[in-house]
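The values are calculated or read from the model by the stated rules, or taken from the named source; none is laboratory data. Everything quoted here is computed from the prediction, not taken from an experiment. Here the Cβ positions follow ideal geometry from the backbone for every residue, glycine too, while neighbour counts run over all protein chains shown. Please note that ligands, DNA and RNA were not included when accessible areas were found on the heavy atoms of the full protein model with its side chains. Shrake-Rupley method; radii C 1.70, N 1.55, O 1.52, S 1.80 Å.
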Amino acid sequence: ADALDKVGADGVLAIESGQGLDTTVDVQEGMEIDRGYISPQFVTNNERLLTEFDNCLVLITDQKIEQVKDLVPILEQVTRANKPLLIIAEDVSGEALATLVVNKLRGIVSVCAIKAPGFGERRKSLLQDIAIVTGAEFVAKDLGMKVEEVSLDMLGTARKATIANTTCTLIADAANKDEISARIKQIKKELAETDSVYDTEKLSERIAKLAGGVAVIKVGAATETELEDRKLRIEDAKNATFAAVEEGIVPGGGTALLHLSEFVPAFKETLIDPEERLGADIVMKSLKAPCRLIAENSGVEGEVIVQKVLGKPFEVGYNAMFDKIENLIDSGVLDPTKVTRSGLMNAASIAGIMLTTQAVMTEKPENKEKMQGMAGGMPAGMTM
């Protein structure tokens, strides 16, 4: 939440491994592009399906790259420099894409390609913005520049690049701060002169992307295992915070669903079909289950807690940490509305599928005692 305060609701949060034991938040120059990798073969983190580069070089062009000969010169230079390469182009396809994938898989060069964001003239402006953030020279076909003539000093640098399936986050070098400020002033001047509502919206978007920067959360921990655990927890918290910004919050601990169950009896009275009335009872029982289970896991009688909370104001629920019934909004026990709503809708969808399906597959539990007895009487080296 502190990180989001610093960059705004439209800002970008990045999570990195810190050097010390403390977790810190640092706002740095950078931006997010709404384009992901062209091929999943570029992925470096298979667990999270991300391509992650540190101190990578960035090639930016508005041209289509299809021929191998266009890329060979720059690939040779990048290989000698021993740095990763991120290519942002109108498109990378054909034998050029195949060459990049093969060289990446063989470990000859760390490379990733993404398509340029935006369309038409707006695409050129966005590519120029990215060039300024990374300190690169924009290789524009209007100026007669060619990709095969690009040299190492025309490439930009990004301290960190994280490319997902649909997004790419670039964290810039601190050296580019003045150029970014000058670019923002230029866009603000364009914004003051335009009368178009569409242009105003798009220019404001570009200013927000450049000015907001990237809030980098540097996670600290004593051991590698603790560090990975903390990073995953902070990733979950980040997603929950963005979900809360999108649709708001409700009291947590199953309280919102429990209070919603109080509206079911009135709805049930409007139903005539006995099977539909039975369905309403099932929904009511399901809505009470999360709160009851949380209470039981805390070592108290779940049904007693449910009865105590029912009838109270919507914000009041059971705080399992301190074993008391209180206003959960005030005490900070919250759930994003989007998460609660999605969970309920998905559960209803799955239940509907199961009711309309003639057979459901499940894993048959093994009888461990029986298996041990059978294994004991078998010759050595043979397994069941």
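So the check is Cβ under 7 Å with 6+ separation or different chains; which pairs have a first residue in the stretch 42-55 that's open to solvent by 70 Å² or more (accessible area, probe 1.4 Å) and a second one that's among the charged types (D, E, K, R)?
Listed pairs, sorted by first residue: ASP54/LYS160; ASN55/LYS83; ASN55/ARG159.
I want to confirm something. Restricting to the stretch 173-186 and keeping residues that are open to solvent by 30 Å² or more (accessible area, probe 1.4 Å) and of a type outside the set (S, T, N, Q), which single residue is farthest from ILE74 (Cα to Cα)? Give the derivation first.
Here is the first cut: in the stretch 173-186, the residues open to solvent by 30 Å² or more (accessible area, probe 1.4 Å) are 173-175, 177-179, 181-182, 185-186.
Imposing the further condition that a residue be of a type outside the set (S, T, N, Q) reduces the set to 173-175, 177-179, 182, 185.
Values: ASP173: 22, ALA174: 25, ALA175: 24, LYS177: 27, ASP178: 28, GLU179: 25, ALA182: 29, LYS185: 33 Å.
Per the stated criteria, the residue is LYS185.
Would you please name the residue that is modelled with the lowest pLDDT, looking only at residues in the stretch 225-257 that are open to solvent by 70 Å² or more (accessible area, probe 1.4 Å) and farther than 24 Å from LEU50 by Cβ?
GLU247
So if I check each of LEU191, LEU170, which one is surrounded by 15 or more Cβ atoms within 10 Å (Cβ to Cβ), more than 16 Å from LEU127 (Cβ to Cβ) and hydrophobic (A, V, I, L, M, F, W, C)?
From the options LEU191, LEU170, the qualifying one is LEU191.
Pick out, from the stretch 258-344, the strands (runs of 3 or more DSSP E) lying fully within it that include 1 or more residues that are more than 34 Å from the chain's Cα centre (by Cα) and loosely packed, with under 15 Cβ neighbours inside 10 Å.
Values: elements: 316-319, 324-327, 334-336.
Where strands (runs of 3 or more DSSP E) fall fully within the stretch 258-344 and carry at least 1 residues being more than 34 Å from the chain's Cα centre (by Cα) and loosely packed, with under 15 Cβ neighbours inside 10 Å, they are 324-327.
For the stretch 138-176, name all the residues that are assigned to a strand (DSSP E or B) and of a type in the set (Gly, Ala, Ser).
Once the filter is applied, which keeps residues that are assigned to a strand (DSSP E or B) and of a type in the set (Gly, Ala, Ser), the stretch 138-176 yields GLY156, ALA158, ALA161, ALA172.
Search the stretch 82-98 for residues being open to solvent by 40 Å² or more (accessible area, probe 1.4 Å) and not acidic (Asp, Glu), and hand back the single one that is nearest to the chain's Cα centre (by Cα).
The extreme case among them is LYS83.
Considering each residue of the stretch 78-109, count those that are touching a helix residue (DSSP H, G or I) at 6+ places or on another chain (Cβ under 7 Å), modelled with pLDDT of 90 or more and closer than 18 Å to THR157 by Cα, and give that number.
2
Identify, please: which residue in the stretch 1-12 is within 14 Å of the chain's Cα centre (by Cα) and either assigned to a loop (DSSP other than H, G, I, E, B) or modelled with pLDDT of 75 or more (or both) and is, among those, nearest to GLU52 (Cα to Cα)?
Top of the filtered list is GLY11.
Would you point out which residue out of ALA222, ALA211, ALA215 is over 25 Å from GLY352 (Cα atoms), hydrophobic (A, V, I, L, M, F, W, C), open to solvent by 60 Å² or more (accessible area, probe 1.4 Å) and in contact with a helix residue (DSSP H, G or I) (Cβ under 6 Å, 6 or more places away or on another chain)?
ALA211
Would you check if ASP70 is among the charged types (D, E, K, R), over 19 Å from the mean Cα position of the chain (by Cα), open to solvent by less than 40 Å² (accessible area, probe 1.4 Å) and on the phi < 0 side of the Ramachandran plot?
Details: among the charged types (D, E, K, R): yes; over 19 Å from the mean Cα position of the chain (by Cα): yes; open to solvent by less than 40 Å² (accessible area, probe 1.4 Å): yes; on the phi < 0 side of the Ramachandran plot: yes.
Criteria met by ASP70.
If you check GLY36 against the conditions, is it touching a Leu at 6+ places or on another chain (Cβ under 9 Å), of a type outside the set (Val, Ile, Thr), under 22 Å from ASP173 (Cα atoms) and open to solvent by less than 60 Å² (accessible area, probe 1.4 Å)?
no
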